[in-house]
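Input: a single structure, listed below in structure tokens.
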Amino acid sequence: TQLLEQSPQFLSIQEGENLTVYCNSSSVFSSLQWYRQEPGEGPVLLVTVVTGGEVKKLKRLTFQFGDARKDSSLHITAAQPGDTGLYLCAGVAGNMLTFGGGTRLMVKP
Amino acid sequence: NAGVMQNPRHLVRRRGQEARLRCSPMKGHSHVYWYRQLPEEGLKFMVYLQKENIIDESGMPKERFSAEFPKEGPSILRIQQVVRGDSAAYFCASSVRGGRGAVEQFFGPGTRLTVL
């Protein structure tokens, strides 16, 4: 069974602070995706990382895929209240997405 | 282009009743996936279907749960004789293609099932 562990589970910070969310696994994935989920809605894809060591930037969000393709991180610079939500990583293997437990982020103004 | 649609958005059932959850994929998508999400947890894969075929049901409980994706109409996730432990949010996703690799799945808003 492939498992993805996310840390921290909960994070409450002030507007303007930086933060990093981690996604770790003992399994290798062909690629890894990050999603953001708002309350009462389905997850929305933010990024897919495919190559070990890959770094992708999406405005203030920086995503990194570990060299061994087992772990990933999401770094947010100068967090804003609009960044509040549940961040989920998901490993891609075959037809299936394996999701981590999520990190619930709250950014206070 | 409408996104993935799910209905109902909220469903309340008493123990022992049946729950039917419907999912209409995005236009042009023929691959559908069902996931279950318990409160404060990530999504757990249940089943992957193509039109008229179940491709992977490794995440489906062996009893009471079934899924279909007929040639015409939405995909249906059916839960018979519901129990309190079935209370969760059920999400459907669709993709334009399936198979291996980083296929982008588009998620619906989910159906929140509450079993009394």
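The strands (runs of 3 or more DSSP E) located wholly in the range A:10-109 that include 1 or more residues which are in contact with a helix residue (DSSP H, G or I) (Cβ under 8 Å, 6 or more places away or on another chain) and surrounded by fewer than 14 Cβ atoms within 10 Å (Cβ to Cβ) occupy A:103-108. Only one of the numbered conditions (1) modelled with pLDDT under 95; (2) more than 13 Å from the chain's Cα centre (by Cα) is violated by B:Arg64, and that is (1).
Restricting attention to the range A:45-85, which residues are closer than 19 Å to B:Glu104 by Cβ and among the aliphatic types (A, V, I, L, M)? Selection gives A:Leu45, A:Leu46, A:Val47, A:Val49, A:Val50, A:Leu58, A:Leu61, A:Leu74.
Which of the residues belonging to the range A:68-109 are among the hydroxyl-bearing types (Ser, Thr, Tyr) and free of Cβ contacts under 8 Å to residues at least 60 places away in the same chain? Once the filter is applied, which keeps residues that are among the hydroxyl-bearing types (Ser, Thr, Tyr) and free of Cβ contacts under 8 Å to residues at least 60 places away in the same chain, the range A:68-109 yields A:Ser72, A:Ser73, A:Thr77, A:Thr84.
Taking the range B:15-116 as the region of interest, none of the strands (runs of 3 or more DSSP E) fully inside it holds 2 or more residues being away from every other protein chain (no Cβ under 11 Å), aromatic (Phe, Trp, Tyr) and crowded, with 20+ Cβ neighbours inside 10 Å.
The values are calculated or read from the model by the stated rules, or taken from the named source; none is laboratory data. Quick caveat, the model's predicted, so the values are computed rather than measured. Here the Cβ is made from the backbone with ideal geometry for all residues, glycine too, and neighbour counts use every protein chain on show.
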